[in-house]
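S.K.: This is the structure I have questions about; it appears just below.
Just so it is clear, none of the values below were taken in a lab; they were calculated from the coordinates. In this text, all values refer to a predicted model and were calculated from it rather than measured experimentally. All Cβ positions, glycine included, derive from the backbone under ideal geometry; neighbour counts span all protein chains shown.
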Amino acid sequence: MPILSIKDVSLAIQGHTILQRVSFDVAEGEVVGLIGPNGSGKTTLFNILSGFLKATAGSAIFKGEDMMKFSPAQRSLKGIGRVFQNFGIFREMTVTENVLVALEALPRGERAELGDLHSAIRRTLRVAGLEGHAKKKAGSLSGGQMRLLEIARTLTCGKELFLLDEPTAGVSPKMTQQVSQLIADLKKEGKTVLIIEHDLPFIRRICDRVIVLDVGQVVLTGTPEEVQKSKELREIYFGADPTS
């Protein structure tokens, strides 16, 4: 049974169709890339999954429950973690304070399971490779370090499904490697990851499977190698070859 099953998710706003019967499953522990041209509906789908937009139709079954009936906060408590393309950190707070705010927002029972909060913060910074930046303002971090902080913070908060929206955007090649490693570590821990990304080499390295959206529909799915070789992908990004 998949951990996430998206069935016929559609969205229309003022007569304009954004998503059309989007359906796919994600297995527990799988890393799935979601790619497609700008405007294909990728971030819109993430907004529906995390509760910031209401679908016109369809369901999103996560661990046996349809998430469509829950608020964004309830979905988060049920184990869905979202890392936005625009950094979701408090730049004027220290790195430590950013982690503490996230941990203190957890229900009391989950907080108790973490044990000492200071130890939990140290674990988070270690995962992110930011032990030496604990007292610095988060706004002083590089783009890659901010991304690592967000992902590690979400992990410490006990999420099981990670929605990562362009995690390599504005990130140096060196930090991209560290983001790749952190996502690989998530997979080793049995976490499930759905990634929106335009960096196709990055997708090839880390994803088990790729889903291609175009004009709000799933048009192609397969392994990174299968999708890369497909004529359909070239046509989506570059248009049909007039000589073919």
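S.K.: Test of understanding: among V193, V219, which residue is surrounded by 22 or more Cβ atoms within 10 Å (Cβ to Cβ) and not hydroxyl-bearing (S, T, Y)?
M.R.: Of the residues listed, the single one that is surrounded by 22 or more Cβ atoms within 10 Å (Cβ to Cβ) and not hydroxyl-bearing (S, T, Y) is V193.
S.K.: Another one. What number of residues in segment 108-121 are surrounded by fewer than 10 Cβ atoms within 10 Å (Cβ to Cβ) and either on the phi > 0 side of the Ramachandran plot or not in a helix (DSSP H, G or I) (or both)?
M.R.: 1
S.K.: Mind counting the residues in segment 1-48 that are surrounded by fewer than 21 Cβ atoms within 10 Å (Cβ to Cβ), within 17 Å of the chain's Cα centre (by Cα), aliphatic (A, V, I, L, M) and assigned to a strand (DSSP E or B)?
M.R.: Number of matching residues: 1.
S.K.: Right, next: Is it the case, given these coordinates, that G51 is within 24 Å of T223 (Cβ to Cβ), outside any strand (DSSP E or B) and in contact with a strand residue (DSSP E or B) (Cβ under 9 Å, 6 or more places away or on another chain)?
M.R.: In short, no.
S.K.: Please determine, by comparing only the residues of segment 45-63 that are free of Cβ contacts under 8 Å to residues at least 60 places away in the same chain and not aliphatic (A, V, I, L, M), which one is farthest from K78 (Cα to Cα).
M.R.: So, considering only residues that are free of Cβ contacts under 8 Å to residues at least 60 places away in the same chain and not aliphatic (A, V, I, L, M), the one farthest from K78 (Cα to Cα) is T56.
S.K.: Name the pairs whose Cβ atoms lie under 6 Å apart, with the first residue in segment 141-167 and among the charged types (D, E, K, R), the second assigned to a strand (DSSP E or B), and 6 or more positions between them or separate chains?
M.R.: Pairs found: E150/V83; K159/G81; D165/I196; E166/I196.
S.K.: Can you name every residue in segment 54-87 that is surrounded by 18 or more Cβ atoms within 10 Å (Cβ to Cβ), aliphatic (A, V, I, L, M) and not in a helix (DSSP H, G or I)?
M.R.: A55, A60, I80, V83
S.K.: Going through segment 88-107 one residue at a time, which ones are touching a Leu at 6+ places or on another chain (Cβ under 8 Å) and assigned to a helix (DSSP H, G or I)?
M.R.: V95, T96, N98, V99, L100, L103, E104
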